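In what follows, a single structure is set out as structure tokens and then discussed.
The values are calculated or read from the model by the stated rules, or taken from the named source; none is laboratory data. Since this is a predicted model, take the numbers as computed values, not measurements. With ideal geometry, Cβ positions are generated from the backbone for all residues, glycine too; neighbour counts draw on all protein chains shown. With ligands, DNA and RNA removed, areas are computed over all heavy atoms of the protein, side chains included. Shrake-Rupley method; radii C 1.70, N 1.55, O 1.52, S 1.80 Å.
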Amino acid sequence: MRAVLPRATDWSAARRDPRADLLAGLTVAMVALPLALAFGAASGLGARAGLVTAIVAGAIAAVFGGSNLQVSGPTGAMTVVLIPVVHRFGVDGVLTVGLLAGALLVASGLTGLGRATRYLPAPVIEGFTAGIAVVIVLQQIPVVLGTTGYGDTAWRAALDAARGWAGHPHPWSVVTALAVAGLILVGVRVRPGLPVSLIVVAATTAVTSILAVPVERLGSLPSTFTAPSLGFFHPHLVQQLLPSALAVAALGALESLLSATVADGLRVGTQHDPDRELLGQGLANLVVPLFGGVAATGAIARTAVNARAGARSRLSALTHSVALAAVVLVAAPLVGRIPLAALAGVLVATCIQMVEVGSLLAIARATRADALVLVSTLAITVLTDLVTAVAVGVGIAVVLALRAVSRSGRLDETPLDTSDHDADERELLDEHIVAYRFDGPLFFAAAHRFLLELTEVAYVRVVILRLSRVSTLDATGAKVLGDAITRLERRGTLVLLSGIRADHDGILARLGVAEHLRREQLIFADTPAAIAHARAALARAG
């Protein structure tokens, strides 16, 4: 428990440079505000639910989470899971799913499941990051064009918006978004120490308001919060809602941990704690439904904005939540004047900064397998969804890794040491005994190749299988070894085993492989003992 609970050292970076975190938090709040409102509305619970989620979940995850840079709140990926729930079970069903998902995430953090993400291959992470950047840009296309787009994926909605805009083009939203994105990209290079995004958004809001530029703005914002309540929870619905809760928890864990991993790559010297991150996200999702909010997770776009804006500690994410709360209570009319196209420009600039072209090219050039995993993950992220992309990317990586490992194993014929034998014995051994040494793994991906090689042995009376260099043995490898022994013995060949490791011998014994060799004492500690037995057997046979 102590390992996943907050500690004083969490805030040491904030004490060194609080100004940087405060400015980064304000910048993220400006980006998070329209996203929170939009995702809340898309979930079916309304814009207020999205704003409550960003405030409450952002603060709790900032304090209890495992990343110094993570910004949490409602996300587009969550709405895909929640929309069917609200259609079937209503608002109470969505809130209950969030509560159950929070409990599952807390349990995952306490049991150490978060560490599993350490085994994600680099091509999967890089492909996922680049794919998410493309998806975020595609999601902003309707806003940039000042129109609407419909589709079950980001690219379909962007295409639909482009078609609508082509029929009735209006340039002001496009000009605003491109100007904001361009100024931010130039500004961060010229003056990296300034809160460029915040300055550009404020200036754009002022200019477009003074000149009465016809662009869509945020508009009126909700200005009240509801008191916490468990009135939505109905125990009889838990069983029906559990599958949706599992999906939300899995998506929340995956998106949060990958977002934290991306944040680590954007800021030198940062390293998140995956188990603590799951705990923080779980606690956030346990509390958010009490205030009427939707399920939350680590948000990659907002986290990237946070890192790029100069954040150094979790104070920035906490500031983002406080700033959003202040907007609701104080500055709602002023913030409502911000052009949506300006915020879309902030996200476009952030996505351009997210993609490390040099890293992508380096991985693509490393090996064909890495290039395949990278491109597959990126493409599926854009074309379908991020959970499928990561699953397919990891699946391809595992298959290719198994293929490479299986090819690393070798079955080599080894010369026998006959230095202590006379000429007649050496001739006898050379003509009738052959020894094979296994090098590497003997498991399901490589076992059948070894079986084919072994069964090609002919015209010998004794085969010695040297197993001391077998690195891995599984049930398939053991079964195939047993099949090879049986086939050789049917030809009248005496099979001897040598150098079996104790743990591998246990596997063979539990599966009943080579049991007759064990009974007849034909398994030896080393190869010289096996050769001595083979020589004696040949001498007895004449």
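Got a sec? Which of Arg156, Arg115, Arg163 is assigned to a helix (DSSP H, G or I), more than 30 Å from the chain's Cα centre (by Cα) and either more than 14 Å from Ala341 (Cα to Cα) or of a type in the set (Gly, Ala, Ser) (or both)?
The match here is Arg163.
When both residues are 6+ apart or on different chains and their Cβ atoms are under 9 Å apart, which pairs have a first residue that lies in the stretch 356-373 and is under 14 Å from Ile125 (Cα atoms) and assigned to a helix (DSSP H, G or I), and a second that is open to solvent by 90 Å² or more (accessible area, probe 1.4 Å) and modelled with pLDDT of 85 or more?
Partner pairs satisfying both residue conditions: Ala364/Val375; Ala371/Arg365.
Going by the conditions given, is Ala311 in contact with a Leu (Cβ under 6 Å, 6 or more places away or on another chain) and in a loop (DSSP other than H, G, I, E, B)? Show your work before the answer.
Details: in contact with a Leu (Cβ under 6 Å, 6 or more places away or on another chain): yes; in a loop (DSSP other than H, G, I, E, B): yes.
Spelling it out, Ala311 is indeed in contact with a Leu (Cβ under 6 Å, 6 or more places away or on another chain) and in a loop (DSSP other than H, G, I, E, B).
Can you tell me how many residues in the stretch 313-331 are closer than 13 Å to Phe225 by Cβ, in contact (Cβ under 8 Å) with a residue 24 or more places away in the chain and open to solvent by 20 Å² or more (accessible area, probe 1.4 Å)? Spell out how you get there, then give the answer.
Here is the first cut: in the stretch 313-331, the residues closer than 13 Å to Phe225 by Cβ are 321, 324-329.
Now narrow it down to the ones that are in contact (Cβ under 8 Å) with a residue 24 or more places away in the chain: 321, 324-325, 327-329.
Remaining after also requiring open to solvent by 20 Å² or more (accessible area, probe 1.4 Å): 325, 329.
So the answer is 2.
Sort through Leu242, Leu230, Leu258 and tell me the only one that's touching a residue at least 12 places away in the same chain (Cβ under 8 Å) and either more than 25 Å from the chain's Cα centre (by Cα) or more than 24 Å from Val81 (Cα to Cα) (or both).
Leu230 is the lone residue from the list that is touching a residue at least 12 places away in the same chain (Cβ under 8 Å) and either more than 25 Å from the chain's Cα centre (by Cα) or more than 24 Å from Val81 (Cα to Cα) (or both).
Of all residues in the stretch 520-534, which are part of a helix (DSSP H, G or I) and either under 47 Å from the mean Cα position of the chain (by Cα) or within 19 Å of Asp483 (Cβ to Cβ) (or both)? If you could, list the steps in order and put the result at the bottom.
Taking the stretch 520-534 first, the residues part of a helix (DSSP H, G or I) are 527-534.
Residue satisfying the conditions is Thr527 alone.
Which of the residues spanning the stretch 91-110 are of a type outside the set (Ser, Thr, Tyr) and in contact with a Phe, Trp or Tyr (Cβ under 9 Å, 6 or more places away or on another chain)?
Val91, Asp92, Gly93, Val94, Leu95, Val97, Leu99
Quick check, is Ala397 among the small types (Gly, Ala, Ser) and open to solvent by less than 10 Å² (accessible area, probe 1.4 Å)?
So Ala397 fails the test.
When the residues of the stretch 169-178 are narrowed to those that are touching a residue at least 12 places away in the same chain (Cβ under 8 Å) and farther than 23 Å from Arg302 by Cα, which ends up least open to solvent (accessible area, probe 1.4 Å)? Full working, then the answer.
Pass one, the stretch 169-178, residues touching a residue at least 12 places away in the same chain (Cβ under 8 Å): 170, 172-174, 176-178.
Okay, now just the ones that are also farther than 23 Å from Arg302 by Cα, so 170, 172.
Values: His170: 69, Trp172: 125 Å².
Top of the filtered list is His170.
In the set Thr493, Thr527, which member is of a type in the set (S, T, N, Q) and within 17 Å of Val470 (Cα to Cα)? Outline the logic, then answer.
Details: Thr493 fails: within 17 Å of Val470 (Cα to Cα).
None of the other options fit; the residue is Thr527.
Among the residues in the stretch 288-300, are any at pLDDT below 90 and assigned to a helix (DSSP H, G or I)?
Taking the stretch 288-300 first, the residues at pLDDT below 90 are 299-300.
Narrowing the set further to residues that are assigned to a helix (DSSP H, G or I) leaves 300.
The answer is yes, given that some residue of the stretch 288-300 is at pLDDT below 90 and assigned to a helix (DSSP H, G or I).
Take the stretch 495-518 and flag every residue that is touching a helix residue (DSSP H, G or I) at 6+ places or on another chain (Cβ under 6 Å) and either open to solvent by 50 Å² or more (accessible area, probe 1.4 Å) or of a type in the set (Phe, Trp, Tyr) (or both).
Leu511
For the stretch 478-515, name all the residues that are among the aliphatic types (A, V, I, L, M), under 23 Å from Ala536 (Cβ atoms) and not in a helix (DSSP H, G or I). It would help to see each step written out before you state the result.
Step one: of the stretch 478-515, the residues among the aliphatic types (A, V, I, L, M) are 478, 480-481, 484-485, 488, 494-497, 500, 502, 507-509, 511, 513-514.
Then drop every residue that is not under 23 Å from Ala536 (Cβ atoms), which leaves 485, 488, 494-497, 500, 514.
Once the filter is applied, which keeps residues that are among the aliphatic types (A, V, I, L, M), under 23 Å from Ala536 (Cβ atoms) and not in a helix (DSSP H, G or I), the stretch 478-515 yields Leu494, Val495, Leu496, Leu497, Ile500, Ala514.
In the stretch 238-250, is there at least one residue being open to solvent by 30 Å² or more (accessible area, probe 1.4 Å) and of a type in the set (Val, Ile, Thr)?
Looking through the stretch 238-250, at least one residue is open to solvent by 30 Å² or more (accessible area, probe 1.4 Å) and of a type in the set (Val, Ile, Thr).
Evaluate the stretch 179-201: report whether one residue or more is under 30 Å from Thr96 (Cβ atoms), among the charged types (D, E, K, R), open to solvent by 20 Å² or more (accessible area, probe 1.4 Å) and out of contact with any strand residue (DSSP E or B) (no Cβ under 7 Å at 6 or more places or on another chain).
Keep residues of the stretch 179-201 that are under 30 Å from Thr96 (Cβ atoms), which gives none.
No: zero hits.
Can you tell me which condition Gly146 does not meet? The list is (1) crowded, with 23+ Cβ neighbours inside 10 Å; (2) under 27 Å from Leu372 (Cβ atoms); (3) of a type in the set (Gly, Ala, Ser), and all the others hold.
With respect to (1) crowded, with 23+ Cβ neighbours inside 10 Å; (2) under 27 Å from Leu372 (Cβ atoms); (3) of a type in the set (Gly, Ala, Ser), Gly146 is out only on (2).
Condition test on Ala349, is it in contact (Cβ under 8 Å) with a residue 40 or more places away in the chain and open to solvent by less than 10 Å² (accessible area, probe 1.4 Å)?
Values: in contact (Cβ under 8 Å) with a residue 40 or more places away in the chain: yes; open to solvent by less than 10 Å² (accessible area, probe 1.4 Å): yes.
Yes, satisfied.
Restricting to the stretch 10-31, what's the tally of residues that are within 24 Å of Thr205 (Cβ to Cβ), touching a helix residue (DSSP H, G or I) at 6+ places or on another chain (Cβ under 9 Å) and surrounded by fewer than 24 Cβ atoms within 10 Å (Cβ to Cβ)?
Total satisfying the criteria: 4.
Out of everything in the stretch 274-296 that is open to solvent by 20 Å² or more (accessible area, probe 1.4 Å) and closer than 24 Å to Leu113 by Cα, what residue ends up being nearest to the chain's Cα centre (by Cα)? Lay out the reasoning, then the answer.
Here is the first cut: in the stretch 274-296, the ones open to solvent by 20 Å² or more (accessible area, probe 1.4 Å) are 283, 286-287, 290-291.
Now drop any that are not closer than 24 Å to Leu113 by Cα, which leaves 283, 286-287.
Numbers: Leu283: 21, Leu286: 23, Val287: 25 Å.
Out of the qualifying residues, it is Leu283.
With the condition kept exactly as written, say whether any residue in the stretch 257-273 is open to solvent by 10 Å² or more (accessible area, probe 1.4 Å), of a type outside the set (Phe, Trp, Tyr) and either modelled with pLDDT of 90 or more or in contact with a strand residue (DSSP E or B) (Cβ under 6 Å, 6 or more places away or on another chain) (or both).
no
Looking at the stretch 208-237, which of the residues that are loosely packed, with under 14 Cβ neighbours inside 10 Å and among the aliphatic types (A, V, I, L, M) is modelled with the lowest pLDDT?
By that ranking, first place goes to Ala227.
Do any helices (runs of 4 or more DSSP H) lying entirely in the stretch 1-85 carry at least 3 residues that are within 25 Å of the chain's Cα centre (by Cα), and which ones are they?
In the stretch 1-85, the matching helices (runs of 4 or more DSSP H) lie at 18-43, 47-64.
Looking only at residues that are among the small types (Gly, Ala, Ser) and farther than 14 Å from Thr527 by Cα in the stretch 462-490, which one is surrounded by the most Cβ atoms within 10 Å (Cβ to Cβ)?
It comes out as Gly477.
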